[in-house]
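Here the structure is laid out as C-alpha cells; the discussion comes afterwards.
Taken together, the values in this text are just the output of simple stated rules run on the coordinates, not laboratory data. Bear in mind that the values here come from a model prediction, so they are computed numbers and not experimental data. Reconstructed Cβ throughout: ideal geometry from the backbone, glycine too, with neighbour counts over all protein chains shown.
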Amino acid sequence: MRTYGLIGQSLKHSFSADYFNSKFQREGMTDYCYELFELESIESLSRLIEEHPDLEGFNVTIPYKEQILPYLYFRDKVVDEIGACNCVKIINDKLYGYNTDVEGFLKSFIPLFQTYHHSALILGNGGAAKAVKAALDELSIQSTMVARKPNSVDEILWDTLSAGTIEDNNIIVNATPLGMYPDVNSFPPIPYKAITRFHLVIDLVYNPAKTIFLQKAEAQDAILQNGIEMLEQQAEASWNIWSPAI
Ligand code: NAP
C-alpha cells in the first residue's frame, strides 16, 4: 500500500484525509491510502517512520509545523523563509520538507484580486499569516500583520487598528483561529463599518464556511472568500510534491 498521511496532535476530523481518500477512490488508485497519525510529541516521529516503511509522504499540522524543522534532511527555501513546514516527502528514509500554504493561498487569491487591491492587513502573525505574507510579497502587494505580540516593528498591535487603517488596506485576511469551530461566536475585533465593496475579505478559517468575520464583511458588500479553496489548493500542491511524476 502506498501510504500518505497527516501528523498532528489532535486529528479527530481531518479535511485532508477525506480529500485524499476521495481522490484515490475517484481516480481508481486502489493501492493508495491517506492515514491520520496522532503524535503525543514530535519525538515519536522517528518511531512512526520506522513502523510505517510504506509511508511516502505526510502533511504536518498544529503543533508540529515548526517543531518538525530539526528532523528535516532538506528544507525548501519557502520553509526557511516562513519557518514552518506542512508537507514532507520521504526518500530513502530522509525527510524533505516543503510549505504548500504559500502556493495554496496564491492559487486561491489570484482569481479574486483586482488591480485596485493594493495593500493588505493580515490578522495574526503565526505560520499561516507568514505564508499569506510570502504569497502577497510574490505579487508585490504590500502587507502588514496585526499581532498580540509583534515580532518586528513592521507588525502592528490590534488596538492601533482604526477605521483609517481599514480604509488604507483593501485586502483583509483573517489568519487567526477566531471564529473557527467550536469557537464560532468569536471574530477578530476590527472596525467593520470601514469595510467597503472595494475590499477583498478572506478568512483562512474553513469551518464554518461563513464565519461571523465573513458575515460582517458581507454586510458591508465586500468581496468574500473562506479558507476552503486554499485548503484544496495546498492539498493539490502536496500531491504534486509526492506524486512520482514530480
Ligand atoms: P498559529 O501559527 O497558531 O497562529 C495563530 C495566530 O492567531 C497567532 O498570531 C495568534 O497570536 C493569533 N491568535 C490566536 N488566538 C487569537 C485571539 N484570540 N486573538 C487574537 N489573535 C489570536 O496558527 P496558524 O497555523 O497560523 O493557523 C491560523 C488559522 O489559519 C487557523 O484557523 C487555521 O485553521 C487556518 N489555516 C487555514 C489554512 C487553509 O488552507 N485554509 C491553512 C493554514 C491555516 P498569538 O501568537 O498571540 O497567540
Are there any pairs with C-beta distances below 7 angstrom linking a residue in the stretch 166-189 that is under 17 Å from Ile141 (Cβ atoms) to a residue that is in a loop (DSSP other than H, G, I, E, B) and within 12 Å of the ligand (Cβ to nearest atom), with the two at least 6 apart or on different chains, and if so which? Ile166/Ile190; Val173/Leu204; Asn174/Pro188; Asn174/Leu204; Asn174/Val205; Ala175/Gly124; Ala175/Gly126; Ala175/Leu204
Does Lys149 fit the bill of being within 11 Å of the ligand (Cβ to nearest atom) and surrounded by fewer than 22 Cβ atoms within 10 Å (Cβ to Cβ)? yes
Would you confirm whether any residue within the stretch 135-142 is near the ligand (Cβ under 8 Å from one of its atoms), touching a residue at least 12 places away in the same chain (Cβ under 8 Å) and surrounded by fewer than 22 Cβ atoms within 10 Å (Cβ to Cβ)? no
Report yes if some residue within the stretch 228-242 is over 30 Å from Asp31 (Cβ atoms) and within 11 Å of the ligand (Cβ to nearest atom); otherwise report no. no
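Residue-wise test of (1) crowded, with 17+ Cβ neighbours inside 10 Å; (2) within 15 Å of Ile166 (Cβ to Cβ); (3) in contact with a Cys (Cβ under 6 Å, 6 or more places away or on another chain).
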{"position": "Tyr181", "(1), (2), (3)": "no, no, no"}
{"position": "Arg197", "(1), (2), (3)": "no, yes, no"}
{"position": "Ala209", "(1), (2), (3)": "no, no, no"}
{"position": "Phe213", "(1), (2), (3)": "yes, yes, no"}
{"position": "Lys216", "(1), (2), (3)": "yes, yes, no"}
Test Ala222 against the criterion of being within 16 Å of the ligand (Cβ to nearest atom), crowded, with 19+ Cβ neighbours inside 10 Å and of a type outside the set (Phe, Trp, Tyr), and give yes or no. no
Name the residues in the stretch 1-56 that are under 23 Å from the mean Cα position of the chain (by Cα), within 19 Å of Ile90 (Cβ to Cβ) and without any contact (Cβ under 8 Å) to a residue 12 or more places away in the chain, would you? Phe24
Can Glu81 be described as more than 16 Å from Trp239 (Cα to Cα), in contact with a Gly (Cβ under 9 Å, 6 or more places away or on another chain) and part of a helix (DSSP H, G or I)? no
Among the listed residues Gly104, Gly97, which satisfies the condition of being farther than 26 Å from Asp221 by Cβ, within 18 Å of the chain's Cα centre (by Cα) and part of a strand (DSSP E or B)? Gly97
